[in-house]
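Data block below; observations after.
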Amino acid sequence: MSKVILVMIDALGFESAWDRCGYLGHLVEIKKGAAYRVRGELPAQSRPMYETVLTGLPASVHGICTNAYTGASTSSNLFSIAKAHKKTTAAAAYKWISELYNQTSAYNERTDRFQLSGGRGDIDQGIFYHDDGYPDSHLYADGDFLARTYRPDFLLIHPMNVDYMGHKAGKGSREYEHAAECTMMYIAWYLDAWREMGYDVLVTADHGMDALGIHYGDTPLQREVPLFVFSDRVQPGNYTDHTISQLLVAPLACALMELPPAPGMQAPFPTIKEAEE
Ligand SMILES: [Zn+2]
């Protein structure tokens, strides 16, 4: 039985993920990881796609169809499924993750930034940020702190700098591509340590970004995102010559944690091996 760290990089499109893949690309090359080209769901927008990545459901089913939605998730998600099976959860993430999964009111920066004592919602320990420019360097350190201190069964790490620079300067700008390089480099810094702690690590994104600094619609730049998988349970290799559905990310995480998929989730991941008895 494995624990899972899900790194969901806000607005890292597939193309830039590979242009800046660095150490993660190396691990795929030497068959120590798997890589996929994911066709994201629509709308290519943050709050709906956070819910899609974490529930395995499209927006028309989970009902969060715009960033303007400020309520809590009403669907089974990786946090609630883990909690229902007596597992522990944590998140280092943007405030919207707290609003979706750990509180019933709007995020308050005075009371909701650090949620470390449990009992509020389906995230046992959370460190949340509310400034889109919160440095990825600090965000990954927050996630690593949660991993080392609490050893959660499921940990979400959700950096925002790629999205922040994308809206300022657009995909293809030096600013966006540098933010993509940095976020991949931070993952490389922690990845081996997380694997040694017993974590399977998934790296993906909610949506991409186009050259105008926009993401919402149906173009490859806005929709296509990466999925890197570092797990002994998934056949290593580069599978990016075709796309797979974004709806497969949540059931993959369930399978790696040996949790039953929620109703409505898609069939098992194509390259996963059976769990050993
Ligand atoms: Zn954005």
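The values are calculated or read from the model by the stated rules, or taken from the named source; none is laboratory data. Predicted model, so just to flag it, every value in this text is computed and none were measured. Heads up, the Cβs are rebuilt from the backbone with ideal geometry, glycines too, and the neighbour counts pull from every protein chain shown.
So the values come out like this:
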{"item": "Residue selected from the stretch 173-184 under the condition assigned to a helix (DSSP H, G or I) and surrounded by fewer than 24 Cβ atoms within 10 Å (Cβ to Cβ), by the criterion farthest from the chain's Cα centre (by Cα)", "result": "ARG174"}
{"item": "Among residues of the stretch 203-216, those that are away from the ligand (no atom under 11 Å from the Cβ), crowded, with 22+ Cβ neighbours inside 10 Å and among the hydrophobic types (A, V, I, L, M, F, W, C), counted", "result": "1"}
{"item": "Pair list, Cβ < 7 Å and 6+ apart or interchain, from the stretch 207-219 residues that are without any contact (Cβ under 8 Å) to a residue 12 or more places away in the chain to residues that are more than 9 Å from the ligand (Cβ to nearest atom) and part of a loop (DSSP other than H, G, I, E, B)", "result": "THR219/ASP210"}
{"item": "Residue match in the stretch 195-213 (condition: in a helix (DSSP H, G or I), closer than 14 Å to GLU15 by Cα and out of contact with any Leu (no Cβ under 7 Å at 6 or more places or on another chain))", "result": "no"}
{"item": "Matching residues in the stretch 22-47 - criterion: being assigned to a loop (DSSP other than H, G, I, E, B) and either aliphatic (A, V, I, L, M) or over 20 Å from GLY143 (Cβ atoms) (or both)", "result": "ILE30, LYS31, LYS32, GLY40, GLU41, LEU42, PRO43, ALA44, GLN45"}
{"item": "Residues of the stretch 148-172 classified as in a loop (DSSP other than H, G, I, E, B), farther than 16 Å from LYS87 by Cα and either of a type in the set (Phe, Trp, Tyr) or under 18 Å from the mean Cα position of the chain (by Cα) (or both), total", "result": "3"}
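Residue by residue, here is whether (1) among the aliphatic types (A, V, I, L, M); (2) modelled with pLDDT of 95 or more; (3) buried (at least 21 other Cβ atoms within 10 Å of the Cβ) holds:
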position	(1), (2), (3)
PHE114	no, yes, no
GLY126	no, yes, yes
ASP136	no, yes, yes
VAL162	yes, yes, yes
LYS171	no, yes, yes
TYR186	no, yes, yes
ASP200	no, yes, yes
